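First comes the structure, then the notes that go with it.
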Amino acid sequence: MNGRDPFIAFICLLLLASVALLALWLDEPYIITLATKVSILAMAGVGLNLALGHGGLVSFGHAAFFGIGGYVAGILASHALNYEPIMQSPWLIEGTTRMLIIWPIAALVCAAFAWLIGALSLRTSGVYFIMITLAFAQMIYYFAISWPGYGGEDGLSVYLRSTFPGMNTMNGIHFFAICFVWLMLAMGLCSRLVQSRFGLALQAARQNPVRVSTLGISPYKVQLTAFVMSGVITGIAGALYTDLNRFVSPSVLGWHTSGEIMVFVILGGVARLAGPLIGAAVFIILEQTLGSWSENWQFWLGAVLIVMVLHARGGIISLLDRRASRG
């Protein structure tokens, strides 16, 4: 992690909060929603960046954790509200709409899945690791499609956001504040982890696992721990995303979701603290601007990515760093 990363991350967070507050002052709820979406997607990117950027684990299955977290939130809320489609489900679950209960449950479920997927996937490396993580995500995707008790391919609507003490979560700025705090916590946790002894061991395991083993440190255990923590962060982001949309469907488990999360990290800057936040913000801006001009806006997004990979391999942050050093 670059020495200036904490300062850059602080500036980016300040800009994101300023956009939301300015939108509140201008009475633009849609912009607040976009800022909230940036916060949630950036948090998912922070989770992947821990595994990809610092651990060298190119996971193409993080949509599994994002979707599982989303489904945990949706299922618990739907059981609490006793929606008719849920009565067809054989699962007897005590539902809740309280975020302080939903988040720990989502974290535990995602941790269990991340441990299982990571324990098997980390026995491989390179392209095999990529394909196994993708295969697991696709298995969960098709399971969600074939689960009629919770909407199947049509997805699951919850209509109301879950509750948080002292906050009106249906109020856009209140819900943004919750997501923004989660983003700050995720970035702060990753910053501390990377600078800790665990972070040093993780980076060493990425660079030279054999040498790390000779020091008495198990690269497998270090990478598995990082993978689980990465999955938990991404899973909580998924739970927040369900609350934002008040809807969850198998699409959040698809491979394209994994690709988008990876785009956030690559576009902003791999292994950079603010990389996922910058990448998510740029992605949403491009989606909104290019999408208003053409239905094929993904083509232009691809062109932007090609330019970034060729001329700014370290992402937007590295490009800005280069210009600052020249100035």
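The values are calculated or read from the model by the stated rules, or taken from the named source; none is laboratory data. Predicted model, so just to flag it, every value in this text is computed and none were measured. Ideal geometry is used to build each Cβ from the backbone, glycine not excepted, and the neighbour counts take in all protein chains shown. Heavy atoms of the whole protein, side chains included, go into the accessibility calculation; ligands, DNA and RNA do not. Shrake-Rupley method; radii C 1.70, N 1.55, O 1.52, S 1.80 Å.
Descriptive notes on the structure:
- Counting only protein heavy atoms and using a 1.4 Å probe, the accessible area of TYR220 comes to about 70 Å².
- Relative contact order (percent, whole number), the chain, Cα cutoff 8 Å, 6+ residue spacing: 33
- Rounded to the nearest 20 debye, the dipole size of the chain about its Cα centre is 1360 debye, using +1 on the Cβ of Lys and Arg and -1 on the Cβ of Asp and Glu.
- Between segment 192-252 and segment 270-324, the alpha-carbon center distance in angstrom: 24
- Just the protein heavy atoms count here, and of the accessible area of the chain at 1.4 Å, carbon and sulfur take up 67 percent.
- Charge dipole magnitude, Cβ of K and R +1, D and E -1 - segment 133-269, Cα centre, debye nearest 20: 620
- Per residue accessible area of the chain, 1.4 Å probe, in Å²: 48
- Ranked packing of 206-216, 242-252, 71-81, most packed first, by mean Cβ within 10 Å: 71-81, 242-252, 206-216
- Available extension along the chain between TRP255 and ARG4 is 87.0 nm, counting 0.36 nm per residue and deducting the alpha carbon span.
- With every protein chain in place and a 1.4 angstrom probe, the accessible-area ranking of TRP300, TRP147, largest first, reads TRP300, TRP147.
- Dipole-positive endmost among ILE217, GLN195, ALA239 within segment 178-270 (Cβ charges, Cα centre): ILE217
- Taking 0.36 nm per residue of sequence separation and removing the Cα-Cα distance, the ARG192/THR289 pair yields an extension gain of 31.4 nm.
- Dipole orientation for segment 1-160: of the candidates THR96, LEU76, LEU41, LEU41 has the Cα lying most toward the positive pole (charges on Cβ; Lys, Arg +1; Asp, Glu -1).
- The chain: DSSP helices with Cα axial extent of at least 24 Å and average Kyte-Doolittle hydropathy no lower than 0.0: 5-25, 29-49, 63-81, 99-121, 127-145, 172-195, 219-245, 275-293
- Residue-averaged [θ]222 nm for the chain, counting only DSSP H segments that reach four residues, each worth -39500 (n - 2.57): -24000 deg cm²/dmol
- Sequence-separation-based contact order of segment 39-168, relative, with Cα cut under 8 Å and 6+ spacing, percent: 34
- Projected-area average for segment 198-327 over all orientations - Cα convex hull basis, square nanometres: 10.8
- With Cα atoms as the point set, the chain shows a radius of gyration and Dmax of 19.5, 64 Å.
- Peptides ranked, highest mean first, by Cβ atoms within 10 Å: ranges 264-273, 163-172: 264-273, 163-172
- Direction-averaged projected area, Cα convex hull, segment 134-283: 10.9 nm², rounded to one decimal.
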